[in-house]
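Single-structure report; data block below.
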Amino acid sequence: MVMPMLTGYRVLDLSQFVAGPTCTRILAEAGADVIKLELAPFGDRTRAGGLRPTRPEFKGSSQSTYYFQHNHSKRSLALDFKHPEGRELIRQLVAQSDVLVENFSPGVMDKAGLGYDALKAINPRLVMCSISLAGQEGPLSRKPGYDYIAQAYAGVTDLVGEPDGEPALITMAVGDAATGMAAAMAVGFALLHRERTGEGQHIEASLLDTYFNMHERNLPRISLRGDFTPQRTGSQHPDGGPTGVFRCADGKFVTLATLPHQWKQLVQALEMPQLLDDARFATGSLRRANNGALKDVVEEWLLRFPTREAAIAHLEAHRIPVAPVLTLNEAMAHPHMRERGTVRRTAHPMLGEFDIPGMPVRFSAWQSGHVLRADLLGEHNEGILREVLRLDDDDIRGLYLSGVLVRDAMLEHTPREKAGSGAD
């Protein structure tokens, strides 16, 4: 079996929730030894979210489906970040690591004596990635916030919703996940740079920067046309096409996505040649201006078909980009998602069997085939400290007694030697 690509690299994950853990989870699946530094006493906040074990003997454990999804394939070292000895352990681990990823509010790491300049003095080859709402500097940099706050500041929330209604949230971690993937990409670039030069560096990734990169074409329009303000268009794309969501005869919905050069092709598929002579739809800009009328035309045509599937089959026969609007339940069950591993099945002794997303990319030279698992809080405390820092049993016992180290109570019923002496 081919070894994962990042085998031999050690990553310290000092992040919580979604963006940072997404970055380090990708690195972990690619083979890096990711040590998740969880903060006492509760660890990553997602341990309290998602579904928790329901069997009486497992109640009160630090495991959850939310935590598992974003932190599988890592090793948990749980310590008191505020304790001087806890911060000293982090410094010692930095000296033995390649990457550190953190998503504290800007200034927290510096205040703790763990800013990039301090860590660079310990390990000049360190690649440090700081993930935040709005970056490490600037008027918004010290503002606390999450994905939805970044959506609002990036002009995204205002574009979602019906034209005559209120703005709406994108109720998914779009910015978090995309920022995590961008951060993982940047870490890979920085490691490549280090291989060539021997030089580490500090990477900044922010949700706000990521969201602005998602604006497809409106930034130049606004900057060149002072009177232009994008408007909410509900189920229809503002650039017409037609592109948007359309109701079928059976009450279900399809998404149709056509570009201006496909107009004649769509007219042929609709079997409505008169549309080519309709002044309202003569050009792309006119179709955009008459988006509502074009939607009515398409939905009236869809009534000819008894089911959504029949309409899709007809459009696909003419190579028109179209898709059913699936519920998440339907999407998870789709054979394509299962065959590719876009949705993958995993199992946990406390949580049972459940689905999580697969890797967002595929590699021809390596395929992930290992069984996924996620640690309980502090499950690998002893193994990491013995292996990486060469601490002995007395040292580790002292750290527990002083409150520097914490661990899940469930692990008290497990021999500590079994709790980890290496990556799984």
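Listed values, structure above:
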read-out: Kirkwood hydrodynamic radius over Cα pairs of segment 294-356, then Stokes diffusion coefficient at 20 °C and 1.002 mPa s, in µm²/s; value: 148 µm²/s
read-out: Cα extents of segment 236-284 along the three principal axes, largest first (Å); value: 30, 23, 17
read-out: Size-normalised alpha-carbon gyration radius of segment 284-424, reference 2.2 N^0.38 Å; value: 1.87
read-out: In sequence order, calculated HN-Hα J values of segment 394-408 (Karplus, 6.51, -1.76, 1.60; Hz; x Gly/Pro); value: 5, 4, 5, 4, x, 5, 5, 5, 8, x, 5, 9, 10, 7, 4
read-out: Radius, Kirkwood style, for the chain when every pair of distinct Cα atoms is counted (Å); value: 24.5 Å
read-out: The chain - percent of accessible surface contributed by carbon and sulfur, probe 1.4 Å; value: 56 percent
read-out: Amide proton proximity set for Arg344, modelled H, under 5 Å, gap of 5+; value: Ile356, Gly358
read-out: Estimated distance in nm for a label pair at Met272 and Val2, the labels positioned 7 Å out from Cα along Cα-to-Cβ; value: 4.9 nm
read-out: Extension gain, Arg340 back to Thr255 (0.36 nm per residue minus Cα-Cα distance, nm); value: 28.3 nm
read-out: Solvent-accessible heavy-atom area per residue, rounded to whole Å², over the chain at 1.4 Å; value: 51 Å²
read-out: Radius 13 Å from Cβ of Ala331, net charge of other residues (Lys, Arg +1; Asp, Glu -1); value: 0
read-out: Cross-link reach list, aspartates and glutamates versus Lys59, counting only Cα pairs under 13 Å and skipping chain neighbours closer than eight places; value: Asp408
read-out: Using θ = phi - 60° and Karplus 6.51 cos²θ - 1.76 cosθ + 1.60, couplings along segment 269-274 (whole Hz; Gly, Pro as x); value: 5, 6, 6, 10, x, 4
read-out: Under 20 Å from Lys295, Cα to Cα: lysines that are on another chain or at least 8 residues apart; value: Lys252, Lys264
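The values are calculated or read from the model by the stated rules, or taken from the named source; none is laboratory data. In this text, all values refer to a predicted model and were calculated from it rather than measured experimentally. Counting neighbours? That spans all protein chains shown, and the Cβs are built from the backbone with ideal geometry, glycine included. Ligands, DNA and RNA are excluded from the accessible area calculation, which covers all protein heavy atoms including side chains. Shrake-Rupley method; radii C 1.70, N 1.55, O 1.52, S 1.80 Å.
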